[in-house]
Amino acid sequence: MLMMGLLLSFGPTDRVLEVEVQPLEVDGDAERGEFLARSVLACDTCHGADLSGGVPVDGFPMGRLVAPNLTPAGVGSAYDEQDWVRAVRHGVALDGRPLVFMWAAEWQHLTQEDLADLVAFLEALPPVESDLPNQKLGPVGKKLVKDGVWLQVDAVDHEADIPRRTDVERGLYLAEVAGCHGCHGADWTGLNLGPGKPRAANLTPHSDGLEGWTEDDFQAVMKSGKRPDGTVVDAAMPWQATTAMWADEDLNAVWAYLTTLESKPTPE
């Protein structure tokens with residue numbers, strides 16, 4: 001396992017983290033890395049279409065969340081391969097401070113091959129200038145940081161190739177790195193996404209969820225946004241920019257994994 005040293009300062013976002021990263025020992029494919037960045041990891045959701053940074057949330061009580069410019073006109077000018085690995089897999093910035101609301105908990109599972117492809121794409125980005133405001137956390141944002149929800153720094157070993165030998169294993173891997181748990185919950189019964197927003201779907205084989213669905217039904221909703229009964233999924237599900245671009249075999253792998261889940265009702 002990797003070794004990680006931790007030095008604590010005055011607050012959770014001020015602490016300095018020393019992380020020994022596992023080096024990438026495979027050459028990356030920038031074209032495949034772009035597909036991963038946009039259609040699987042959805043980096044542009046926070047960092048903008050050209051990855052020059054963005055403000056995905058700005059309002060009370062969450063606060064103003066600012067995603068940095070990843071191009072050579074921003075942090076990309078200073079990051080080397082190890083820095084990218086530290087940021088993506090461990091959620092740690094160049095100065096050693098935690099990256100708030102970075103999805104490192106999901107992306108720590110990226111294989112060496114997938115991460116190498118992503119880094120190759122990031123290092124090939126053209127410079128794009130941007131003028132971003134300062135980040136300012138509101139009470140909810142501060143609580144998420146204090147509770148460790150947004151500051152998760154993990155260290156695990158990774159294989160150089162795709163280690164998933166079965167569809168079920170690969171499906172779990174894709175669901176993890178795509179961040180599906182973020183909306184559908186650790187037990188896949190769907191989270192309440194907040195006032196004015198629909199509850200995320202129950203993806204277990206329960207009558208509240210996907211009972212009676214087929215592999216074709218699942219692939220259709222991931223590709224078209226339409227359920228078997230003809231209803232359309234809420235816009236909170238970003239299928240057009242993500243799963244609509246996935247290969248059929250990857251969607252089928254996710255379906256194979258979902259069929260292994262325990263049937264559970266949607267929480268009250």
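The values are calculated or read from the model by the stated rules, or taken from the named source; none is laboratory data. Just so you know, these numbers come straight off a predicted model, no measurement behind them. FYI the Cβ positions are ideal-geometry reconstructions off the backbone, even for glycines, and counts take in every protein chain you see. Remember, those area values only see protein heavy atoms, side chains included, never the ligands or the DNA or RNA. Shrake-Rupley method; radii C 1.70, N 1.55, O 1.52, S 1.80 Å.
Close amide H contacts of LEU137 (hydrogens built in the peptide plane, cut-off under 5 Å, sequence separation of 5 or more or a different chain): ARG64.
The range 254-268 and the range 36-99 have Cα centres lying 32 Å from one another. Across all directions, the shadow cast by the convex hull of the range 21-88 built on its C-alpha atoms averages 5.5 square nanometres.
For the range 174-237, the spread of Cα coordinates along the three principal axes comes to 28, 25, 23 Å, biggest extent given first.
Short-range pairs are left out: with C-alpha atoms under 8 Å and at least six residues apart, the relative contact order of the chain is 20 percent. Its relative contact order, with pairs defined as Cα atoms under 8 Å and 6+ residues apart, puts the range 52-112 at 20 percent.
Across the chain, the fraction of Cα-Cα pairs farther apart than 34 Å, rounded to a whole number, is 20%. Taking θ as phi - 60° and the Karplus parameters 6.51, -1.76 and 1.60, the scalar couplings of the range 27-33 work out to 6, x, 10, 4, 5, 5, x Hz in sequence order, x denoting glycine and proline. The range 193-268 gives an Rg/Rh value of 0.95, both radii derived from C-alpha positions and Rh following Kirkwood.
With a 1.4 Å probe and all protein chains left in place, how much of the accessible area of the range 25-90 comes from carbon and sulfur atoms, in whole percent? After summing per-atom areas, the C and S share lands at 49 percent.
For the range 221-236, putting each phi into the Karplus relation 6.51 cos²θ - 1.76 cosθ + 1.60 with θ = phi - 60° gives couplings of 5, 6, 9, 10, x, 10, 6, x, 7, x, 6, 9, 5, 5, 5, 5 Hz, in residue order, rounded to whole numbers and with x for Gly and Pro. Which FRET efficiency value, to the nearest 0.05, is calculated for ALA236 and VAL26 with the Förster distance at 25 angstrom and r the Cβ-Cβ distance? Once the sixth-power term is evaluated, E becomes 0.10.
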